[in-house]
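Quick notes on the structure that follows.
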Amino acid sequence: MKQGFCVLETGEIYRGQWHGGEPRAGEVVFNTSHSGYEEIATDPSYYTQIVVMTAPMMGNYGVDRDVWESNKLWIQGFVCVQMQSSNRDQAWLERLREFKIPILSDLDTRSLVLRLRQGGTPWGALVHANSEAEAIDLAMPLIAKEKSKDKDWVFAASSKEFQSRRGEKPAGPRIALLDFGCKENIIRELLPMASEIGVFPSRTTFEKIKEWNPDRVMLSNGPGDPADVQVAVETVRQMIGWKPMMGICMGHQILGLALGAKTYKLKFGHRGSNHPIKDDLLNRIYVTSQNHGYAVDSATLPSYVRVSHVNLNDQTVSGVFSKEKRCMGIQYHPESHPGPHDAHDLFRYFVEQL
Amino acid sequence: MPRRQEIKKVLILGSGPIVIGQACEFDYSGTQACKALMKEGLEVVLVNSNPATIMTDPEIATSVYIEPLQVPFIEKIIEKERPQAVIPTLGGQTALNLALALHKEGVLQKYNVQLLGADPKVIEAAEDRELFRDILDKVGAKYPKSHLVRTFEQGTQVGDELGYPLILRPNYTLGGGGGGIAYSPEEYQSMLVQALHESPTTEVLVEESILGWKEYELEVMRDAAGTFVIICTIENFDPCGVHTGDSITIAPQQTLSDREYQAMRDEAGKIINEVGLQTGGANIQFAVHPKTGERVVIEMNPRVSRSSALASKATGFPIAKIAALLAIGYRLEEIQNDITKTTPSCYEPALDYIVTKIPRFAFEKFVGARDLLSTQMKSVGEVMGIGRTFQESLMKAVLSLEKHREGFPEITVEVDKISYPNSQRLFHIYQAFRDGWTIESLQELTLITPWFLEQVKGLVDFEGTLKASSLTADLLLQAKKRGFSDALIARLTKKTEIEVREMRHQEKVLPSYQQVDTCAGEFASSTPYYYSTYWSKPVELPRAEKRVAILGSGPNRIGQGIEFDYSCVRGVKGYQKKGWQVCMINSNPETVSTDYDTADYLFFEPLTEEHVSEILYAAKVDSVVVQLGGQTPINVAPGLVKRGFKLMGSDLETIDLAEDRGRFNKICRELNFKIPESGMAHDLQGAQGIVERIGFPVICRPSYVLGGRRMEVVENAEELVSYFERHQEAISTDRPCLIDQFLAGALEVDVDLVRGKDWVVVGGVVEHIEAAGVHSGDSQGVIPPQRLRRETSDKVEVMSQQLADRIGVIGHLNLQLAIKQDQVYMLEANPRSSRSVPFVVKATGIPLIDLGVAAMLGDGKEKVKPERFVWRSRPGVCVKGVVFPFKKFPEADSILGPEMKSTGESMGRGADYGEALMKGMLSSHMRFPEKGEVFFSLREKDKTEMLLIARDLVEMGYTLSATKGTAHFFQEQGLQCAEYKKVHEGRPHCVDKIRSGGVSLVINTTSGRRSIEASFNIRRACIDYSIPCLTESDAAEAFLIALKKTREKAFEVHSLQAMQEL
Ligand SMILES: Nc1ncnc2c1ncn2[C@@H]1O[C@H](COP(=O)(O)OP(=O)(O)O)[C@@H](O)[C@H]1O
Ligand SMILES: Nc1ncnc2c1ncn2[C@@H]1O[C@H](COP(=O)(O)OP(=O)(O)O)[C@@H](O)[C@H]1O
Ligand SMILES: [Mg+2]
Ligand SMILES: [Mg+2]
């Protein structure tokens, strides 16, 4: 088996075993979920990211096309301690290979994770090479190239054309969904409560949406830095107070920016299925699925918006709410996949109460 | 919401003596809870009948009561202490059942005490399997088809309807007690009788089988606001049909997809809510069909449990502590995560390693018991291995069992050891792979999830790689990453273990010590809870001036259990008080010693020479304490000394003088101590020669055995032949058989002492109630002695001190001596703390372990002031009771002998011997019949002595019956006595009488193999029907004293703290 390396732009290098795929670069992040590797890999929010799984053994339960969160794998690399690869089952390995995603195992993921926690999440690359020196030579140009890519990742992950999805409840609202790289499960959650969902590309203008005349607006999750997203902030600003609106993850951050608040980069982000949240809307504390590298700065929120959800691990803003403007933003993933379903009722709140 | 202010004083119920299914994990939970509540400023009253626990140490709670866990005693404690609340969720099934009883009898209401954590409704909802089914229906959860059976007749009908195999699950029992799998109507009917009998409510759930389904367990917590978290998911290696306590289990679960897992998690949450659990921990077991993914619920327990202890150790999340805080009103988000110190407790731990638990069994102790696993738990202990991969953790767990240095030695595969679940199955599966079996064939025979089998096969495949190539540094690292021990690598590569180790050190293939941090590295944590792995680069620990390592006692087994954990934990505190940093090393997840806040550093590692020495190198420790963890550390001591580590206290020479029988006997002769005549035989002829010299009866034992393994009393020439036949594989030229003159009828005593450089403190002389010949761990004991004359007792003390001086003990020494006709014989010396230490400490109040630490650290007489400690100074009498697991081993005999069989002990304290006996016996689950018939079957020499007892019994209103010889004897002495046939005399015989419920007490003394075998059925019937059966005349006398006391219905309760003040 070939030697593979995870090279960070800051120079640290981690050796492991190369399982195929093509060398690629991306932001190196870690995820603490025990299960759900396939949901993670197909989540567009992981666009341009190399995912290090802290749980050591991956691929154990095979694959299932039904759990896909989009129609492809978005990650730039997959790293763990051990990959399932027996004659009976190596489906996960094969699926990653099919999408040419570089796979590195047998790596000291703990040291790498501690490095990411302490020093923040840098760019890096997964390459195969015969020596560390060679690995660095291969990795640095890849990283440089990847970093020069257009910054509006949301646009890259978003659908490019309007699409209508028929809801399961004829009496339910028509919901406009601004697609920033939407996870399929947001749509799966909304369909039973809606009569129709209109999925709009990320750079859609307010006029276009207005034309469609939705009852409610959903802003989806998506990858990258909200500050780099074009058009959407303006579109959302115009929709504030117009129709009840909910943002999830990137959607929440865009809503924050549209409300005039600022966002900032977290040191190493929140990625996992075990983050505790205090929810003032549903009046509960529960465990959530998370995946974000940026957050809304509470000090910059306008007075008519309150922080309704707090991440209890680090007190960061996990949700905002304005009664007056009938809008709410949720930083984590009530649609789960992977992760607990505890925040699931927020969809109902959005559709029925907001 | 902050703490409930109205609660100022709580009563915590413990779980009583260690039994199979309920072991020292409840000491761990209870101790943790007490510490947390004390820190909150509450007054904590603790009651437990088990003196071997750490929780019954006076420092753990405000008031500690060692009293029977029965309503009258608890009522008296409540009356005296007036707590506002009782916490019943920390003491296992015993505490839950007791709480229900206190409620039903109105005690809680009378004293206006509330139950915290779980109220009677919750307990019933979870424990009454029928109510529980209703709850499952409400939340839409599925379960196997079943019927609740209350009578035998109803049961037979149900059996036919459901089809075979069938699962029997009695209500309100623990460890699957009384349950099982019936494969045929015949089996079913006999099991049904037993199961109905075992359930306190005479209710058995009879259920269709889901044998072979995948089994899971979720450990959950909930607070009063409804916040709900999963602490740990556990997946069983063994599919359904093997009790989880007997299954190899791993955490976190590995083979469920996120969708499947989340659905299970949701269902767990709904069930907890519907059951109405207010606050605390609970576990829920599920089964999942391996093909269809269909999921059913097996059961839930609304309390902390064996698996919650495991989950706490596996994740670093202190479930019991948090449960206690939730019970007094806190919310999860208000309690800080101890390990990260920055995040709250309302989260779900993330693991970046794998944990494997393997149970440890004791079938070899119970001659005749079949090594088969079923839904009734049989294991006596467990180990946990932590590694970055399943393979590394599995290997570490196997090594932790302390069975073999190689982990998986070569064995001969037996197919039935694979197809029928048994304690050796993993080892046979491993060997089968070595022999070329396929995964498919093993899967077919075992129904074990293929993923697990592949992992095991991966280990075997790597053995092939090692064998086929010469050992390089890279291969060595790969082997270590898979958890291979140096010994196994050595055998596979035809090197010596030392060569492998040296190569490893040269090539810097060294373990790295990683933290268990509850969060997979997401947050910084400073909690020093470590495991070794070869998957990471070694990290340096800072050096410290005074740092010592204490070796724990490994998995609980018969002969070495919680008592040694008591010594270790007290030892840690002792060293800390003296300004030392302590590294605790242990592999047993049930213990207090492996709580991350017991020592300064916790290393959760196998107690092998290899693993221990690597820790000592890495932690920069050069002094090791081997006196506190029982025989396990004593066994690794020579290897550690060879590597240059220093033992604290007694050195190797002292240990050897005590352990080597030859040298020990020589010293005894030198000191003019009497010892039993003895000799060593390599074969039968040699033995016959020895017996000619010393005469029958003799006591035989192969050398190098533990806990009296294979030790037997041999009465005549014929039995001697039989002994050598049966144990020939254990006896050879280099492993001779020791033959001692058997001191029949002698009085035995245990002595525990501590010796410093110029002082000795005797902790006490414990007089055994049963005569010598019953293992010291199996006989009841009393302090101060009741039959021993004072001069003899003094002489015992003097001899003990002389011996300690002569062999140069520094620290602990335990001795067993026998007294016959006023002659004192030295039987055995153990150069370490012992099983009896915690009992002695609690009976006398002398802090033996602290004294041991002072001795090891070289404190002199002036500092220690040994004259302060006089073990006879406390008023009153303390009796040690014993509990046995015979119920779990239906083929085994309950007669007592020199091989230890008990799992746990109790303590009874009273103003006089009678009160102490009564409490000790009640606590060891003895039932005192109020009336009825007493059946006797006595050997010749006991008859006269037992006559007095028979007379007393008649006077108290009991009737008598006996086998022919005994009956005639009684009749001749003018007593009325019915006569029953012996079994071989035809039916109806005495066993028929016992089994049909006509007898309420049995006194049956026998000796000699033949008569023992002939009377087996008598004792077995008693065990099956929970009828007290006394097999020793001394025990019968003691029983009578206690029985009389119960009729007086007078007793007092005192806390240990109150005793201290006397
Ligand atoms: N219907 C069933 N078919 C097969 N095995 C079962 C069934 N019900 C229970 N078991 C097995 O029996 C074990 C013990 O049952 P459980 O109800 O958990 O008893 P306990 O109360 O002692 O924990 C379980 O761990 C499971 O493996
Ligand atoms: N010579 C003897 N005569 C009578 N009983 C003996 C004799 N030797 C041992 N025993 C009994 O056997 C028990 C176990 O023997 P011991 O040497 O203490 O073994 P262990 O190492 O298992 O503690 C003792 O507690 C005692 O009751
Ligand atoms: Mg169970
Ligand atoms: Mg002994």
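The values are calculated or read from the model by the stated rules, or taken from the named source; none is laboratory data. These numbers come from a predicted model, not from an experiment. All Cβ positions, glycine included, derive from the backbone under ideal geometry; neighbour counts span all protein chains shown. With ligands, DNA and RNA removed, areas are computed over all heavy atoms of the protein, side chains included. Shrake-Rupley method; radii C 1.70, N 1.55, O 1.52, S 1.80 Å.
Once the cut-off is 16 Å, how many percent of the Cα-Cα pairs in the stretch B:859-936 end up in the long-distance tail? All intermediate terms of the calculation are to be shown ahead of the outcome.
Working: 2077 of 3003 pairs.
Tail of P(r) above 16 Å: 69 percent of Cα pairs.
Above 61 Å, the calculated P(r) of the protein assembly as shown contains 18 percent of its Cα-Cα pairs. In a DSSP loop and with at most 12 other Cβ atoms within 10 Å, the trypsin sites (Lys or Arg not before Pro) in the stretch B:452-530 are B:Lys494, B:Lys508. Hydrodynamic radius of the stretch B:686-788 by the Kirkwood approach over all distinct alpha-carbon pairs: 15.6 Å. Separation of the stretch A:131-188 and the stretch B:763-828, taken as the distance between their Cα centroids, equals 79 angstrom. For B:Val798, the solvent-accessible surface with a 1.4 Å probe is about 80 Å², rounded to the nearest 10. When A:Tyr349, A:Tyr46, B:Tyr183 are compared by accessible area at a 1.4 angstrom probe, the order from most to least is B:Tyr183, A:Tyr349, A:Tyr46.
Give me a single rounded figure for A:79-85: the average over its residues of other chain Cβ atoms within 10 Å of their Cβ. List each step's numbers first, then the result.
Details: counts 0, 1, 9, 10, 0, 5, 1.
Across the residues of A:79-85, the mean count of other-chain Cβ atoms within 10 Å is 4.
Of the residues making up the stretch B:336-356, those losing 30 Å² or more of accessible area when the isolated chain is joined by the remaining protein chains, with a 1.4 Å probe, are B:Pro344, B:Cys346, B:Tyr347, B:Glu348, B:Ala350, B:Leu351, B:Asp352. Accessible area ranking (1.4 Å probe, heavy atoms, ligands and nucleic acids excluded), largest first, for B:Glu187, B:Glu545: B:Glu545, B:Glu187. Amide H to amide H, with H built 1.01 Å from N, A:Leu177 comes under 5 Å of A:Gly198, A:Val199, A:Phe200, A:Met218, counting only residues 5 or more places away or on other chains.
Kirkwood Rh over Cα pairs of chain B into Stokes-Einstein at 4 °C, 1.567 mPa s: D in µm²/s?
Working: Rh = 29.8 Å.
Rounded to a whole number, D works out at 43 µm²/s.
Think of a 1.4 Å ball rolled over the protein heavy atoms: the stretch A:247-354 then has 31 Å² of accessible area per residue.
Convex hull over the Cα atoms of the stretch B:602-736, averaged projected area in nm²? Numbers along the way, then the final one.
Working: hull surface 40.9 nm².
Result: 10.2 nm².
Per-residue surface analysis assigns A:Lys265 an accessible area of about 90 Å², computed on protein heavy atoms at 1.4 Å probe radius. Taking only the C-alpha atoms of the stretch B:797-934, Rg followed by Dmax gives 18.5, 60 Å. Using 0.36 nm per residue and subtracting the Cα-Cα separation, the extra length available between B:Lys403 and B:Gln506 on full extension is 34.2 nm.
With the gyration tensor restricted to C-alpha atoms of the stretch B:848-888, the semi-axes of the equivalent ellipsoid amount to 34, 18, 4 Å, longest first.
Helix A:132-147 axis versus longest C-alpha principal axis of chain A: approximately 20°, rounded to the nearest ten. With N as its number of residues, the stretch A:1-145 has a Cα radius of gyration that, divided by 2.2 N^0.38 Å, comes to 0.95. The HN-Hα couplings worked out from phi for the stretch A:205-221 by the Karplus form 6.51 cos²θ - 1.76 cosθ + 1.60 (θ = phi - 60°) are 8, 4, 4, 4, 5, 4, 4, 6, 6, x, 8, 9, 10, 10, 9, 7, 6 Hz, whole numbers, x standing for Gly and Pro.
Taking amide H atoms as placed 1.01 Å from N in the peptide plane, the amide H of B:Thr959 lies under 5 Å from those of B:Gly932, B:Glu933, B:Val934, each 5 or more residues away in sequence or on another chain.
With a 1.4 Å probe and all protein chains left in place, how much of the accessible area of chain B comes from carbon and sulfur atoms, in whole percent?
Details: 17630 of 35710 Å².
Carbon and sulfur: 49 percent of the exposed surface of chain B.
Using a 1.4 angstrom probe on protein heavy atoms only, the contact between B and A buries about 3800 square angstrom of accessible area, both sides summed.
Note: relative contact order over chain B, using C-alpha pairs below 8 Å and six or more positions apart, is 10 percent. Bridges between two residues of chain B, per DSSP, are antiparallel at a rate of about 70%.
Note on A:Asp228: accessible area approximately 50 square angstrom, rounded to 10, probe 1.4 Å, nucleic acids and ligands left out.
In summary, the lysines within cross-link reach of B:Lys578, defined as a Cα separation below 23 angstrom excluding same-chain residues under 8 places away, comprise B:Lys35, B:Lys39, B:Lys546, B:Lys620, B:Lys646, B:Lys757, B:Lys842, B:Lys861, B:Lys863, B:Lys865.
For chain A, with all protein chains present and a 1.4 Å probe, just round the carbon and sulfur fraction of the accessible area to a whole percent.
Details: 5690 of 12220 Å².
Answer for chain A: carbon and sulfur cover 47 percent of the accessible area.
Put simply, the C-alpha atoms of the stretch B:356-455 give a gyration tensor, and the ellipsoid matching it has half-axes of 20, 18, 13 Å, longest first. Under 5 Å from the amide H of B:Glu677 lie the amide H atoms of B:Gln741, each residue being 5 or more positions distant or on a separate chain, with H modelled from the backbone and absent for Pro and chain starts.
Evaluating kT/(6 pi eta Rh) at 25 °C and 0.890 mPa s, with the Kirkwood radius of the stretch A:198-354 over Cα pairs in the Stokes-Einstein relation, gives 160 µm² s⁻¹. Run the numbers on the stretch A:257-278: which residues show a drop of 40 Å² or more in accessible area, chain on its own versus all protein chains together, using a 1.4 Å probe over heavy atoms? Residues losing area: A:Asn274.
Shown for the stretch B:245-264: residues covered by the partner protein chains by 40 Å² or more of accessible area relative to the chain by itself (probe radius 1.4 Å), namely B:Gln254, B:Asp258, B:Arg259, B:Gln262. For the stretch B:377-456, the list of GluC sites (Glu not before Pro) that fall in a loop by DSSP and count at most 12 other C-beta atoms within 10 angstrom reads B:Glu410.
Give, in nm to one decimal, the length gained when the segment between B:Lys964 and B:Asp952 is fully stretched (0.36 nm per residue of separation minus the Cα-Cα distance).
On the way: separation 12, 0.36 × 12 = 4.32 nm, distance 2.08 nm.
Using 0.36 nm per residue and subtracting the Cα-Cα distance, I get 2.2 nm.
Kirkwood radius for the stretch B:979-1025, taken over all pairs of different Cα atoms as the inverse mean of 1/r, rounds to 10.9 Å.
Spatial offset of the stretch B:37-74 relative to the stretch B:874-921 amounts to 20 Å, using the alpha carbon center of each. Going 7 Å from the Cα of B:Gln157 toward and past its Cβ, which residues in the stretch B:201-217 have a backbone nitrogen under 18 Å from where you end up? The answer is B:203-208. A 1.4 Å probe run over chain B, with the rest of the protein chains in place, finds 34 Å² accessible per residue.
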